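*Asks:* Handing you a structure now.
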Amino acid sequence: MKKFITTIAALSAMAVLSVSAFAAAAGSDTIDDAIGENGSHDVEVKYDDSTNKTVYSVDIVWGAMQFNYSAGTWDPDTHTYAADGNAGFTPAAENDDKVTVTNHTNKELEATVAYAQDASHTDITGAVTPADPTTIATAVGTAVDAAPNQVFQLALSGAPAAQLPTYTKVGTLTVTLA
Amino acid sequence: MVDEEKGNQKEEKKEEKIKKTRLLLLLLLLLLLLLGSISVTVWAVWFRKPAVVLSPDYAPQHVEEYAESMDDGEDSKLEQPEGGGAVSLTYSREVTIDLSEKKAGLLFANPSKSNQNMVLQLVIDDTLIVQSGRLEPGNRVTTLDLLEGTETMLSKGGYEGKFIVLFYQPDSGEKAMLNTEIPVEITVQE
């Protein structure tokens, strides 16, 4: 019985070794070809980004978005407002009308800022510059403090239908990051 | 004797008729029930719309239950203009939805340098599928629950959708006048 088991074990070991040898020689004419003449083998590298999801990192900073409106200077002779330099909407403070989108991603991205008026304030329209989708470059090769960014500026036009003694919401901004 | 037999036969026939009629009525009732249940199932699966969920005007009271700390080691905050806002967003554009688990797998974070709380929504064809609770700076989510009933509107395959990110002032809870939309690719699995 002992001999029988030993024989089986020996045969199994031989079978395993022969399979390994065939595996090494697969695709090569000989085992020598597979491992190289000097017993060496090339080390090969391929850049495989397929399993890495792009993780985007984006900063958005916006001003208070508060504007003052003036109809202009009243002209008692014509009973109209003269459209002088004060007429229209002006930002309440510097940069109140700006949205800055900064890209910290290792890929470029496309940003758009759009204004949508509130249903109760259709008398006031807004336009954002630049209006078209804007490509913000990749952050690769840039310092964190100097990451690529794009500044968008909102301008309002029209006139409020009623007096607004306090700052009142007239619309919203949507930043689309594509 | 013969008359009696004839009478019995008549009664048996009558009883048989009544039995047949009852059986027919029973079958008819079962058929109606079957049709009714099929109609209800078809309506529930294909036509029932989930309850409309509105975007909150004030930050939700509940912190998102799946939120986990990012431990991003960020101490400083973004500079924010007075009256304005400053946020940082970290996200992946790939989303998976597991219909059996009724969960969405995603990557979205509100890094510590942000100055606002956030609420994340996932929308397909103007239908809200997912809405997070309050996500405070320094937290991220990788899983969110589907809104009740939305799993019946989806089937295995790919969808194009979008994240809508709403921002809220941490002190007052007021919604900012600016929000963000991010197109995403959604893979739905059974």
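The values are calculated or read from the model by the stated rules, or taken from the named source; none is laboratory data. Just so it is clear, the structure is predicted and the values come from calculations on it, not from any experiment. Cβ sites come from the backbone with ideal geometry, for glycine too, and all protein chains shown count toward neighbours.
*Asks:* Which pairs do you get when a residue that is facing another protein chain (nearest Cβ under 9 Å) and charged (D, E, K, R), found in segment A:97-112, comes within reach of a residue that is surrounded by 21 or more Cβ atoms within 10 Å (Cβ to Cβ) and in a loop (DSSP other than H, G, I, E, B), reach meaning Cβ atoms under 6 angstrom, with the pair 6+ apart or on two chains?
*Replies:* Taking only residues 6 or more apart or on different chains, the pairs are A:98/A:63.
*Asks:* Restricting attention to segment A:54-96, which residues are within 14 Å of chain B (Cβ to nearest Cβ) and either exposed (fewer than 10 other Cβ atoms within 10 Å of the Cβ) or out of contact with any strand residue (DSSP E or B) (no Cβ under 8 Å at 6 or more places or on another chain) (or both)?
*Replies:* Those that are within 14 Å of chain B (Cβ to nearest Cβ) and either exposed (fewer than 10 other Cβ atoms within 10 Å of the Cβ) or out of contact with any strand residue (DSSP E or B) (no Cβ under 8 Å at 6 or more places or on another chain) (or both): A:64, A:93, A:94, A:95.
*Asks:* Hey, can you tell me all the residues within segment A:157-178 that are more than 12 Å from chain B (Cβ to nearest Cβ), closer than 20 Å to residue A:63 by Cα and touching a residue at least 60 places away in the same chain (Cβ under 8 Å)?
*Replies:* Within segment A:157-178, just A:157 meets the criteria.
*Asks:* Next question. Can you find a residue in segment B:73-82 that is assigned to a helix (DSSP H, G or I), surrounded by 10 or more Cβ atoms within 10 Å (Cβ to Cβ) and modelled with pLDDT under 90?
*Replies:* Taking every residue of segment B:73-82 in turn, none turns out to be assigned to a helix (DSSP H, G or I), surrounded by 10 or more Cβ atoms within 10 Å (Cβ to Cβ) and modelled with pLDDT under 90.
*Asks:* Examine segment B:87-104 for a residue that is in contact with a helix residue (DSSP H, G or I) (Cβ under 7 Å, 6 or more places away or on another chain), surrounded by 18 or more Cβ atoms within 10 Å (Cβ to Cβ), over 30 Å from residue A:93 (Cβ atoms) and away from every other protein chain (no Cβ under 11 Å), and state whether such a residue exists.
*Replies:* No; the residues of segment B:87-104 include none that is in contact with a helix residue (DSSP H, G or I) (Cβ under 7 Å, 6 or more places away or on another chain), surrounded by 18 or more Cβ atoms within 10 Å (Cβ to Cβ), over 30 Å from residue A:93 (Cβ atoms) and away from every other protein chain (no Cβ under 11 Å).
*Asks:* Kindly check whether there is at least one residue in segment A:113-120 that is within 23 Å of the chain's Cα centre (by Cα), assigned by TED's automatic domain parsing to the domain that holds residue A:172 and crowded, with 18+ Cβ neighbours inside 10 Å.
*Replies:* yes
*Asks:* A further question on this structure: Quickly run through segment B:55-72 and pick out the residues that are more than 12 Å from every other protein chain (Cβ to nearest Cβ), of a type in the set (S, T, N, Q) and part of a loop (DSSP other than H, G, I, E, B).
*Replies:* B:61
*Asks:* Somewhere in segment B:51-72, is a residue more than 21 Å from the chain's Cα centre (by Cα), within 15 Å of residue B:180 (Cα to Cα) and in the same structural domain as residue B:151 (by TED's automatic domain parsing)?
*Replies:* No.
*Asks:* Of the residues that make up segment A:143-156, is at least one over 17 Å from the mean Cα position of the chain (by Cα), of a type in the set (A, V, I, L, M) and within 12 Å of chain B (Cβ to nearest Cβ)?
*Replies:* yes
*Asks:* Would you be able to tell me the number of residues in segment B:73-86 that are farther than 26 Å from residue A:178 by Cα and at the interface with chain A (Cβ under 7 Å from one of its Cβ atoms)?
*Replies:* Of the residues in segment B:73-86, 2 are farther than 26 Å from residue A:178 by Cα and at the interface with chain A (Cβ under 7 Å from one of its Cβ atoms).
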